[in-house]
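Colleague: Could you have a look at this structure, given as structure tokens, before my questions?
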Amino acid sequence: MATRTVKLYGENTSNDATVTILWDGTSVASGALLDNPEDVYGYSIIAEWTFDDADSATIVDHAMSITVNSGEIRAGTLWFSTATGVNSNDDTLGHVNISTASDISGVGFWRPLNSHPYGNDDNDTALAERSNILINGAAPSANSGDTVPTGTADNPTWTGWFFSLSAGDELACTARCPAQWAAL
């Protein structure tokens, strides 16, 4: 078992939003979002929590839900800690999909992609860090005017997508925690 950290990337669009986040049925965050002014790619870390992962050697699925109690948010991607490791093209030193300080507030987090460690086939139909996404019990859809997410229009993977949620809305998904990084 390993203690892991996950960071929820997003935006508090109303500046006064409150949420409840459940992780495997247990509340891990409740109340105001993090006051994280750091602007990384236009967004910031709006929630962060730790959990014990039963298996740090493979991808482990966790049930996650975000309920907006008041205000409005844009819920984005999940960044999971790698335990150790640095960004590097040399697999004996690190992995190119591990974050650097310029990626996110914290070095050593898996980038939320639809490639390694989430989908080793490196194509746009590989699942990323979130799957089985439901908003208020229904699968989201890509509007014809929006950019089509990865995957296909009929079966999107939603890699990198952010979802706008208002008071009373719930986003539920399977959060896919990848293995901890280990040198080859």
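Colleague: What number of residues within the range 85-115 are among the aliphatic types (A, V, I, L, M) and in contact (Cβ under 8 Å) with a residue 24 or more places away in the chain?
Modeller: Our first condition is that a residue be among the aliphatic types (A, V, I, L, M); within the range 85-115, this holds for 86, 93, 96, 98, 101, 104, 107, 113.
Those left that are additionally in contact (Cβ under 8 Å) with a residue 24 or more places away in the chain: 93, 98, 104, 113.
Residues flagged as among the aliphatic types (A, V, I, L, M) and in contact (Cβ under 8 Å) with a residue 24 or more places away in the chain within the range 85-115 amount to 4.
Colleague: Let me ask you something else. Which residues, counting only those in the range 150-182, are in a strand (DSSP E or B), farther than 17 Å from Ser70 by Cα and not hydrophobic (A, V, I, L, M, F, W, C)?
Modeller: Within the range 150-182, Gly151, Pro156, Thr174, Arg176 qualify.
Colleague: For a quick check of your reading of the model, give me the residue pairs whose first member lies in the range 50-61 and is loosely packed, with under 15 Cβ neighbours inside 10 Å, whose second is of a type in the set (A, V, I, L, M) and in a strand (DSSP E or B), with beta-carbon atoms closer than 8 Å and at least 6 apart or on different chains.
Modeller: Going by the 8 Å Cβ cut-off, the qualifying pairs are Thr50/Val6; Asp52/Ala2; Ala54/Val60; Asp61/Ala175.
Colleague: Further, regarding this structure: May I ask you to say which residue of Gly108, Gly94, Gly76 is closer than 22 Å to Asn12 by Cβ, of a type in the set (Gly, Ala, Ser) and surrounded by 15 or more Cβ atoms within 10 Å (Cβ to Cβ)?
Modeller: On the way: Gly108 fails: closer than 22 Å to Asn12 by Cβ; Gly94 fails: closer than 22 Å to Asn12 by Cβ.
Only one candidate qualifies: Gly76.
Colleague: So, Thr20, is that one surrounded by fewer than 22 Cβ atoms within 10 Å (Cβ to Cβ) and within 16 Å of Glu129 (Cα to Cα) or not?
Modeller: For Thr20, the condition - surrounded by fewer than 22 Cβ atoms within 10 Å (Cβ to Cβ) and within 16 Å of Glu129 (Cα to Cα) - is not met.
Colleague: Next question. When the residues of the range 53-85 are narrowed to those that are modelled with pLDDT under 90 and touching a Ser or Thr at 6+ places or on another chain (Cβ under 8 Å), which ends up nearest to Ser164 (Cα to Cα)?
Modeller: Filtering the range 53-85 for residues that are modelled with pLDDT under 90 and touching a Ser or Thr at 6+ places or on another chain (Cβ under 8 Å), the one nearest to Ser164 (Cα to Cα) comes out as Asp53.
Colleague: State yes or no: is Val6 under 16 Å from Gln180 (Cα atoms), of a type in the set (A, V, I, L, M, F, W, C) and surrounded by fewer than 16 Cβ atoms within 10 Å (Cβ to Cβ)? Walk me through how you get there before you give the answer.
Modeller: Numbers: under 16 Å from Gln180 (Cα atoms): yes; of a type in the set (A, V, I, L, M, F, W, C): yes; surrounded by fewer than 16 Cβ atoms within 10 Å (Cβ to Cβ): no.
Answer is no for this residue.
Colleague: Sticking with this structure for a sec: Looking only at the range 90-101, how many residues end up being in a loop (DSSP other than H, G, I, E, B) and either within 19 Å of the chain's Cα centre (by Cα) or charged (D, E, K, R) (or both)?
Modeller: Here is the first cut: in the range 90-101, the residues in a loop (DSSP other than H, G, I, E, B) are 90-93, 95-97, 99-101.
If we keep only those that are either within 19 Å of the chain's Cα centre (by Cα) or charged (D, E, K, R) (or both) too, we end up with 90-91, 95-97, 99-101.
Qualifying residue count, the range 90-101: 8.
Colleague: Examine the range 144-161 for a residue that is at pLDDT 90 or above and under 18 Å from His62 (Cα atoms), and state whether such a residue exists. Break it down into steps so the answer makes sense when it comes.
Modeller: Initially, the range 144-161 is screened for residues at pLDDT 90 or above, giving none.
No - not one qualifying residue is present in the range 144-161.
Colleague: Same structure again: Of everything in the range 1-52 that's hydroxyl-bearing (Ser, Thr, Tyr), out of contact with any Gly (no Cβ under 7 Å at 6 or more places or on another chain) and part of a loop (DSSP other than H, G, I, E, B), which residue is nearest to Ser102 (Cα to Cα)? Walk me through it before giving the result.
Modeller: Here is the first cut: in the range 1-52, the residues hydroxyl-bearing (Ser, Thr, Tyr) are 3, 5, 9, 13-14, 18, 20, 26-27, 30, 41, 43-44, 50.
From what's left, out of contact with any Gly (no Cβ under 7 Å at 6 or more places or on another chain): 3, 5, 13, 20, 26-27, 30, 41, 44, 50.
Among the residues that remain, those that are also part of a loop (DSSP other than H, G, I, E, B) are: 13, 41.
Values: Thr13: 23, Tyr41: 10 Å.
This residue is Tyr41.
Colleague: Restricting to the range 118-131, name every residue that is closer than 29 Å to Val19 by Cα and either in contact with a helix residue (DSSP H, G or I) (Cβ under 9 Å, 6 or more places away or on another chain) or crowded, with 17+ Cβ neighbours inside 10 Å (or both). Show your work before the answer.
Modeller: Let us first name the residues in the range 118-131 that are closer than 29 Å to Val19 by Cα, namely 118, 127-131.
Answer for the range 118-131, where residues must be closer than 29 Å to Val19 by Cα and either in contact with a helix residue (DSSP H, G or I) (Cβ under 9 Å, 6 or more places away or on another chain) or crowded, with 17+ Cβ neighbours inside 10 Å (or both): Tyr118, Leu127, Ala128, Glu129, Arg130.
Colleague: Name the residue that is nearest to Val60 (Cα to Cα), counting only residues in the range 1-44 that are acidic (Asp, Glu) and modelled with pLDDT of 85 or more. Walk me through how you get there before you give the answer.
Modeller: At the first step, the residues of the range 1-44 found to be acidic (Asp, Glu) are 11, 16, 24, 35, 38-39.
Checking which are modelled with pLDDT of 85 or more leaves us with 11, 16, 24.
On the way: Glu11: 26, Asp16: 33, Asp24: 12 Å.
By that ranking, first place goes to Asp24.
Colleague: Still on this structure: Can you name the condition, by its number, that Asn114 falls short on among (1) within 14 Å of the chain's Cα centre (by Cα); (2) of a type outside the set (Lys, Arg); (3) not in a loop (DSSP other than H, G, I, E, B)?
Modeller: The number of the failed condition is (3).
Colleague: Right, something else. What residue, among those in the range 53-89 that are under 15 Å from the mean Cα position of the chain (by Cα) and in a loop (DSSP other than H, G, I, E, B), is farthest from Ala179 (Cα to Cα)? Let's see the steps before the verdict.
Modeller: As a first pass, look at the range 53-89 and keep what is under 15 Å from the mean Cα position of the chain (by Cα): 59-66, 73-82.
Next, from what is left, pick out any that are in a loop (DSSP other than H, G, I, E, B): 59, 82.
Details: Ile59: 5, Thr82: 7 Å.
The extreme case among them is Thr82.
Colleague: Which one of the conditions (1) modelled with pLDDT of 90 or more; (2) over 15 Å from Ala175 (Cβ atoms) does Asn123 fail to meet, given that it meets all the rest?
Modeller: Condition (1) is where Asn123 drops out.
The values are calculated or read from the model by the stated rules, or taken from the named source; none is laboratory data. Here the structure is a predicted model, which is why all the values come from computation and not from measurement. Using ideal geometry, Cβ is built from the backbone for each residue, glycine included, and neighbour counts are taken over all protein chains shown.
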